[in-house]
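Notes follow the structure.
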Amino acid sequence: MGKIEISEDMDQIRKKIKHTLEKRRYEHTIGVSYTAAAMAMRYDLNVEQARLAGLLHDCAKYMTDAKIKEVCVEHHIEINETEQKNAFLLHAKLGAYMAEHEYGVEDPDILSAIRWHTTGHPDMTPLEKIIFVADYIEPNRQQAPHLKAIRHLAFIDLDEALRVILKDTLDYLNSIHGEIDGMTEETYLYYMKEEGK
Ligand code: FE
Ligand code: FE
């Protein structure tokens with residue numbers, strides 16, 4: 001599949017995802033897909049691209065920690081120290097791999113949006129930002145602090161929404177003494193610096 005205009009492909013992918021993921025994860029996926037589509041409308045991006053990236057972003061999130069590591073090793077996907085300890089982080093990397101090799105998506109914008117949806121990275125593309133934010137605010141999410149404000153902000157100022165999410169994520173991980181992926185921190189610092197410009 002090259003550029004995606006073909007909604008038939010999208011429907012095939014949706015069915016396959018539905019079959020693979022558990023119900024709650026599938027509902028989340030659909031939520032991210034439509035939230036990302038709405039954000040693409042707001043920010044003048046390709047709506048179908050956003051929809052598909054949303055649909056596939058968690059496509060690898062059905063394996064146990066042991067299994068996901070095993071599959072990464074099998075496909076020569078590098079596992080860093082943080083990922084070694086927190087295997088769930090690997091679903092982004094493996095998801096991008098699976099989107100390409102199992103779902104036939106060639107679009108590099110979509111693949112990178114999947115790849116970076118958990119940690120972000122400095123200087124993200126618009127689609128990467130949208131998937132990152134949509135993942136956090138989609139309608140099935142209920143727990144996060146400032147959710148109402150972030151949902152509002154997501155359609156006003158994308159970078160500011162990104163900053164608040166990164167900050168809240170780091171605060172939360174610190175509060176529970178959770179493992180912080182260095183990239184999340186790097187991304188946050190980058191966007192704080194950007195704000196000062
Ligand atoms: Fe995810
Ligand atoms: Fe997700």
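The values are calculated or read from the model by the stated rules, or taken from the named source; none is laboratory data. Note that the structure is a prediction, hence the values are computed from the model and not measured. Neighbour counts run over all protein chains shown; Cβ positions are idealised from the backbone, glycine included.
Scanning segment 140-171 for residues that are exposed (fewer than 15 other Cβ atoms within 10 Å of the Cβ), within 16 Å of ligand 1 (Cβ to nearest atom) and touching a residue at least 24 places away in the same chain (Cβ under 8 Å) turns up just one, Asn140.
Please enumerate the residues belonging to segment 110-127 that are farther than 18 Å from Tyr34 by Cβ and surrounded by 18 or more Cβ atoms within 10 Å (Cβ to Cβ).
So in segment 110-127, the residues farther than 18 Å from Tyr34 by Cβ come out as 111-112, 115-116, 118-125.
Within segment 110-127, Leu111, Ser112, Arg115, Trp116, Thr118, Thr119, Gly120, Met124 meet the criteria.
The lone criterion from (1) more than 21 Å from Glu48 (Cβ to Cβ); (2) more than 15 Å from the chain's Cα centre (by Cα); (3) modelled with pLDDT of 95 or more left unmet by Phe155 is number (1).
Cβ separations smaller than 6 Å between residues 6+ apart or across chains give the following pairs from segment 56-84 residues that are hydrophobic (A, V, I, L, M, F, W, C) to residues that are outside any helix (DSSP H, G or I): Cys72/Ile79.
Residue count for segment 63-78, restricted to those that are over 10 Å from Leu94 (Cβ atoms) and in a loop (DSSP other than H, G, I, E, B): 3.
The residues of segment 152-172 that are farther than 19 Å from Thr35 by Cα, of a type in the set (Asp, Glu) and touching a helix residue (DSSP H, G or I) at 6+ places or on another chain (Cβ under 9 Å) amount to a single one, Asp168.
Quick one: would you say Met98 is more than 16 Å from ligand 2 (Cβ to nearest atom) and either of a type in the set (A, V, I, L, M) or surrounded by 19 or more Cβ atoms within 10 Å (Cβ to Cβ) (or both)? No, not satisfied. Does His28 meet the test of being of a type outside the set (A, V, I, L, M, F, W, C) and either closer than 20 Å to Asp181 by Cα or away from ligand 2 (no atom under 16 Å from the Cβ) (or both)? Considered against the rule, which asks whether it is of a type outside the set (A, V, I, L, M, F, W, C) and either closer than 20 Å to Asp181 by Cα or away from ligand 2 (no atom under 16 Å from the Cβ) (or both), His28 comes out as no.
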